[in-house]
Amino acid sequence: MSAILRERLGAVARLRSPAGSPPPKPASLAVRLVRLYAGLLMFGASLGLMVRARLGLSPWDVLNQGVARQLGVQFGWIVIGVGALVLLLWIPLRQRPGFGTISNIVLVGLAVNWTLDLIHAPAGLPARAAFLAGGVLLNACATALYIGARLGPGPRDGLMTGLAARGYSIGVVRTCIELAVLGIGFALGGTVGVGTLVYAAAIGPLVHLLLPRLTVDQQNEQPANHLEDR
């Protein structure tokens, strides 16, 4: 896990433990794995809901959808493929994926495909708006769960924090990368719309609200070296 992400999660832990309170009981690895996999499955399901809403996707998913349409394959397979390609960019940045990073690449894409197979597109605008709102909320919960499990960041998170660790502003890096993938995805036929703006405006505050509540306690716990910080 990157030093930047570790520092942020450490700040979250301090916020959750007021001065004078007894230290919380550290979460077991089993609890962290449950949170990780629940978060990743929920994340994939949230993407499926937003795709079915047909009101616009997040920048990376505009790219995923555009590539999927050009190649004529299921959305989730592209999510897996793009995640794997992004992970290759970690090599020159000397980032080390955790167990959660690899799980992220595979499970999110599979969960998207399962959701799209099970749920059909709603007919009216109110139902589509409900799918969008539910997708964004579920996405925020899922993000807080899998990051809070502390078993490795997602491939895109690691790319951004890896660049930031080399002196670049993480805000500038994220904006530039997401504008680039949004433009490429739109050119390939990905859906850009009000949902893209809603996601961009809402996801940051929602994750900020939920992350302290869903981050596991690790105080006094030995790190699982075979799963993390590799």
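Among M160, M50, rank each residue by its count of other Cβ atoms within 10 Å, from fewest to most, as a rough exposure measure.
M160, M50
Shape verdict for segment 100-175, please, from the Cα gyration tensor: rounded (a/c under 1.5), prolate (a/b greater than b/c) or oblate.
It comes out prolate by the Cα gyration axes.
Taking θ = phi - 60°, what integer Hz values does the Karplus form 6.51 cos²θ - 1.76 cosθ + 1.60 yield along segment 88-97, in sequence order, with x for Gly and Pro?
4, 6, 5, 4, x, 7, 6, 7, 10, x
Give me the number: length gained by fully extending R94 to D117, i.e. 0.36 nm times residue separation minus the C-alpha to C-alpha distance, one decimal in nm.
Result: 4.5 nm gained on full extension.
Every number in this text was worked out from the coordinates using simple rules, so none of it is lab data. From a predicted model like this one, the values you see are computed outputs, not experimental measurements. Because the Cβ atoms are built from the backbone with ideal geometry, glycine has one as well, and the counts that use them run over all protein chains shown.
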